[in-house]
Every structure is written in C-alpha cells, then in structure tokens.
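Below is one structure, written out as structure tokens, with a few remarks after it.
What follows is calculated from the coordinates using simple rules that are stated; it is not laboratory data. These figures come from a predicted structure and were not determined experimentally. Neighbour counts run over all protein chains shown; Cβ positions are idealised from the backbone, glycine included.
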Amino acid sequence: ANSSIKLSWRKVQGVSGYQVVVYKGNKVAKKLDVSAKATSITIKKLSQNTTYRFKIRGYKVVNGKRYYAIYSNTSVASTKAKATKVSLATLTKKVMVSWKKIGGAKGYEIVMSTKMTSGFKKVATITATSTKHTIKSLKSGSTYYFKVRSYKIVEGKKIYSDYSKVKSIKVK
C-alpha cells in the first residue's frame, strides 16, 4: 500500500509475544510488540515510495523479565509511490503521453484502451530517464484512454504505484 506494509510469520509455540523491528535505511524506525496469538501485523503511517527492512523475534517472559530469541532473517518490503499526473497531446494518428517524474522510479508503464473503464492493455514500458512517450498508428477520430504507473525494483521484484487518473483524448 502507499503508507502501510503487512508482515506475516509462522506461529512459534511457547512464546509470550513477538518483537518486530522496522528499519528505514540503517536506522530503527519502529519497534513493535505483538501478541503471541498473532501471525501478522500491518504497519501503518510509513513513508510513501520507501523501502523498509524488517526483523522479528519471539520472546518469553519469565518472572517479569523478557528473554529474546534470535532475530529472523531480514525481510524487505516497500511502500508504493503516489500516482503520477498525466497529460495528453494529439498529433496526426499519434498521442504524446507525458507524466510527472516520480522520485526513485526505475520506469513507467503506459496502458491504453478504447473504453474508459475496461480493456486497458500495456502499450509501452519506459525507463525512468524519460517522462514522455508517443503512441503511434492510432485511428483518426477515435477516442483513446490512457493511464500511467511508475515502478521501482526491490529485491528483484517490481513494486508498482497506483495508476494515474484515466485521461482521454480524441486523435486528429
């Protein structure tokens, strides 16, 4: 999500609870205590478009003192970027799609449809060095609908932003 991340884990028998540590960069952003019955937590109020690292460990309370297990392996997750703003310009049988740059994006995907709410298909993947792309060979007099989303790569996986608002244009 844009400002939250959900973590899940397997239940450990005999623990009194879990401690979840959230890292932003190399600094601890949050330490959270979680019930022994829990097997997941949604961490809210995180920064958009930010990569976080997480560790979790169980603990047992004996005579009022906590004894911690070793930390889990580090997990990495990222919040999504906000949606970009898109503008369109028409040329003869072409549409120039442009958008506002999103910090940290590795690229952008453009989808297009001839319907406002369905039928969208990817028509281009653009590197982050560009903020515009021309879609060619369109039908004059037809209306086309466009959306754009950014992505970044975290641990080898693409993390997508939400799509921009749908924009439409009638082609010259």
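In region 14-35, is there at least one residue being basic (Lys, Arg), part of a loop (DSSP other than H, G, I, E, B) and over 23 Å from Ile102 (Cα atoms)? So far as region 14-35 goes, no, none of its residues is basic (Lys, Arg), part of a loop (DSSP other than H, G, I, E, B) and over 23 Å from Ile102 (Cα atoms).
Within region 1-20, the set of residues being surrounded by fewer than 15 Cβ atoms within 10 Å (Cβ to Cβ) and in contact with an Asp or Glu (Cβ under 9 Å, 6 or more places away or on another chain) comprises just one member, Asn2. When restricted to residues that are within 13 Å of the chain's Cα centre (by Cα) and touching a residue at least 60 places away in the same chain (Cβ under 8 Å), region 42-79 contains 6. Checking region 147-164 against the condition returns no match, with no residue being crowded, with 18+ Cβ neighbours inside 10 Å and farther than 18 Å from Asn2 by Cβ. Among the residues of region 66-81, just one is out of contact with any Ser or Thr (no Cβ under 9 Å at 6 or more places or on another chain), in a strand (DSSP E or B) and closer than 19 Å to Lys152 by Cβ, namely Ser75. Within region 102-122, the set of residues being surrounded by 17 or more Cβ atoms within 10 Å (Cβ to Cβ) and β-branched (Val, Ile, Thr) comprises Ile102, Ile110, Val111.
With respect to Thr84, is the statement that it is under 30 Å from Val171 (Cβ atoms) and not in a strand (DSSP E or B) true? For Thr84, the condition - under 30 Å from Val171 (Cβ atoms) and not in a strand (DSSP E or B) - is met.
When Tyr67 is tested against (1) surrounded by fewer than 16 Cβ atoms within 10 Å (Cβ to Cβ); (2) of a type in the set (Phe, Trp, Tyr); (3) closer than 16 Å to Val148 by Cα, just one condition goes unmet, and that condition is (3).
A count restricted to region 123-161 and to residues that are part of a loop (DSSP other than H, G, I, E, B), closer than 26 Å to Thr51 by Cα and without any contact (Cβ under 8 Å) to a residue 40 or more places away in the chain stands at 5.
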